[in-house]
Amino acid sequence: MIKLRFAPSPTGYLHVGNARLALINWLSAAKEGGEMILRLDDTDAERSTEEYALAIQEDLKWLGLDWSDLKKQSDRSAAYTAAFETLKAAGRLYPCYETGEELDYKRKRQLARKLPPIYDRAALELTEDEVAAFEAEGRKPHWRFKLDQLVIRWEDMVRGPVEVDGASMSDPVLIRSDGRPLYHMPSVVDDIDFGITHVIRGEDHVSNTALHIQIFEALGANVPIFGHIPLLTGPDGGPLSKREGSQSLREMRENGIEAMALNSLLARLGSSDNVEIRHSLKEIVTGFDITHFSRAAAKFDPAELTNLNAKLLHETDWAEVKDRLSLEGAGEAFWLAVRGNLTKLADARDWWHVVTGPMTPVIEDADFLKSAAAELPDGEITNETWKAWTTAVKEKTGAKGKALFMPLRLALTGQPHGPEMNNLLPLIGRENILARLNTTAD
Ligand code: GLU
């Protein structure tokens, strides 16, 4: 059975890019009947908070993405210490004593000489006396992983065959001088211990993957299958701006974006499959294929999302929204009457006020409305009433077209545009209709 993980750091709220990766992981698992775990990469104790950890879970639930297990890296230090000892014993970790400034200086000199800024492995040459002198100064070592300087290859689910030359990379620091592990080792150790079979993450991790493959091997573990998803850009191809995709999921939610509009878009954006509105994740799983994702960056256009959101609402069934609408007395007939006019669900509330009042009728010609009121057919107001009524008003007053319909719409809804009047009329009801028509303009 395949097992994937979504591994955000709880150092902020999830954004559209995170949502996309979470969704792609989830869909990949669901498609194969596998599972996805949620791994909170909270090794950065200063920046990680419980509030963000909870917010991430809340946002994923909103999207409908569940996880089979929740793991926190902050609970796993014993496993990381064990891996540290294993790698050290295998001669793959070496202590380094350079300060940040010394490393900066080395890099600048290399760049000035047009050399790639790769760590020179000077620490491997330290004599015992030099090490003792650093220790006596109170310096604590950081630990680097000694890369095998050979070509690292893998078959990427998105990028196809990838090759990275180990000699082109610095030996990565796995443990900081304060003893805390940086991202690489915990990530690999967790992927091993939790039995992760497929690692799907952003393209910004391609070079990390080359390092990780060697760490997996050094720890004697199977290397998972990798897939690197290109990042999202703004509609113009530039980085996502604050107003665009760097909006948090909670901001989007507050702004009325439906989870399934976002899921429908993100499951296809950047792939060769068309974006189509789907009302459930189950429907998305069927056509999902990670190999259809392109190697090029995908453009995220908030206007496209807003559009999809409206379209989704326009075809949403009453059963899907009835628990979320919370408008006392509103039923299916109301929903069907107004859904075609919504860009977000909360707009339904405005139409509910139009239906039930209080609202302010717009009265331009009070006499015309009084004549119209007199023609309102007797009996139950149904979806047929509007037609019968306006036909009668037309015969009586001679008004037709816009001159007939607009004054009635303005008086009954207070607005020049909106849902079809034949559907609204029964909802507004006889009493309100007559009251609105007979209101005299000031
Ligand atoms: N916490 C890392 C990130 O958010 C996880 C990357 C990974 O999937 O390994 O970039």
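Excluding residues fewer than 8 places away in the same chain, name every one of the lysines whose C-alpha is closer than 26 Å to that of K61.
Hits, sequence-local ones excluded: K3, K31, K71, K72, K242, K282, K299, K311, K322, K344.
Kindly provide the Kirkwood hydrodynamic radius of segment 44-200 in Å, to one decimal, from all pairs of distinct alpha carbon atoms. Working shown, then result.
Details: mean 1/r = 0.0535 Å⁻¹.
Here the Kirkwood hydrodynamic radius works out to 18.7 Å.
Under a no-solvent Debye model with one identical scatterer per Cα of the chain, what's log10 I(q)/I(0) at q = 0.07, 0.10, 0.12 Å⁻¹?
Debye curve over Cα of the chain, log10 I(q)/I(0) at q = 0.07, 0.10, 0.12 Å⁻¹: -0.53, -0.82, -1.03.
No solvent, one uniform scatterer per C-alpha: report log10 I(q)/I(0) for segment 298-339 via the Debye equation at q = 0.29 1/Å, two decimals.
Reported log10 I(q)/I(0), two decimals: -1.00.
Per residue and in cubic angstrom, what volume does the convex hull of the Cα atoms of segment 313-442 have?
Numbers: hull volume 13.7 nm³, N = 130.
Each residue corresponds to 105 Å³ of Cα convex hull volume.
For segment 167-247, what Kirkwood radius comes out of the mean inverse Cα-Cα distance, in Å? It would help to have the intermediate numbers written out before the result.
On the way: mean 1/r = 0.0682 Å⁻¹.
Taking every pair of different Cα atoms in segment 167-247, averaging 1/r and inverting gives 14.7 Å.
One-quarter of the Cα convex hull surface for segment 6-130, in nm²? Mind dumping the intermediate values first?
Values: hull surface 48.3 nm².
Directional mean of the projected Cα hull area for segment 6-130 stands at 12.1 nm².
Taking amide H positions as placed in the peptide plane 1.01 Å from N, state which residues far from K72 in sequence (5 or more) or on other chains have amide H under 5 Å from it.
When sequence neighbours closer than 5 places are left aside, the close amide H contacts are L40.
Within straight cross-link reach of K400, meaning Cα distance under 20 Å, which lysines are found once same-chain residues fewer than 8 apart are removed?
Cross-link targets: K370, K387.
Which value, in Å², gives the accessible area per residue of segment 149-255 when a 1.4 Å probe is used on the protein heavy atoms?
On the way: 4470 Å² over 107 residues.
Solvent-accessible surface per residue comes out at 42 Å².
Please work out how much length the chain gains when fully extended from D69 to E380, using 0.36 nm per residue of separation minus the C-alpha to C-alpha distance, in nm with one decimal.
106.3 nm
Using a cut-off of 27 Å between alpha-carbon atoms, which lysines can reach K106, once sequence neighbours fewer than 8 places away in the same chain are excluded?
Within the straight-line cut-off, K106 pairs with K88, K114, K140, K146.
Quantify how much of the Cα-Cα distance distribution of segment 234-313 extends past 14 Å, in percent.
Considering segment 234-313, 62 percent of its Cα-Cα pairs are separated by more than 14 Å.
Please report the antiparallel percentage of DSSP beta bridges with both residues in segment 1-150, rounded to the nearest 5. Spell out each step's value before the answer.
Working: 4 of 11 bridges.
DSSP beta bridges in segment 1-150 are roughly 35 percent antiparallel.
Where Rh denotes the Kirkwood radius from the mean inverse Cα pair distance, what is Rg over Rh for segment 282-379? Could the numbers behind the result be given before it?
Details: Rg = 20.8 Å, Rh = 17.5 Å.
On the Cα set of segment 282-379, Rg over Rh gives 1.19.
In segment 171-325, with Lys and Arg counted as +1 and Asp and Glu as -1 at Cβ, which of these residues, G238, H292, N274, has the Cα nearest the positive end of the dipole, that is, farthest along it?
My answer, from the dipole projection, is G238.
For H353 and L182, FRET efficiency with R0 = 41 Å and r from the beta-carbon atoms, rounded to 0.05? Show your work: numbers first, answer last.
On the way: r = 55 Å, r/R0 = 1.35.
Using R0 = 41 Å, I get an efficiency of 0.15.
Using just the alpha carbons, could you tell me how many Å³ per residue the convex hull of segment 367-442 encloses? Don't skip to the answer; put the middle values down first.
Numbers: hull volume 6.4 nm³, N = 76.
Enclosed volume per residue, from the Cα hull, is 85 Å³.
Counting only protein heavy atoms and a 1.4 Å probe, tell me what percentage of the chain's accessible area is made up of carbon and sulfur. Each step should come with its number before you reach the end.
On the way: 10740 of 21600 Å².
It is 50 percent, rounded to a whole number.
On the first, second and third principal axes, largest extent first, how far apart are the outermost C-alpha atoms of segment 10-61 in Å?
Extents along the principal axes: 38, 20, 16 Å.
The values are calculated or read from the model by the stated rules, or taken from the named source; none is laboratory data. Just so it is clear, the model here is predicted, and its values are computed rather than measured. With ideal geometry, Cβ positions are generated from the backbone for all residues, glycine too; neighbour counts draw on all protein chains shown. Surface accessibility is based on the protein's heavy atoms, side chains included, excluding ligands, DNA and RNA. Shrake-Rupley method; radii C 1.70, N 1.55, O 1.52, S 1.80 Å.
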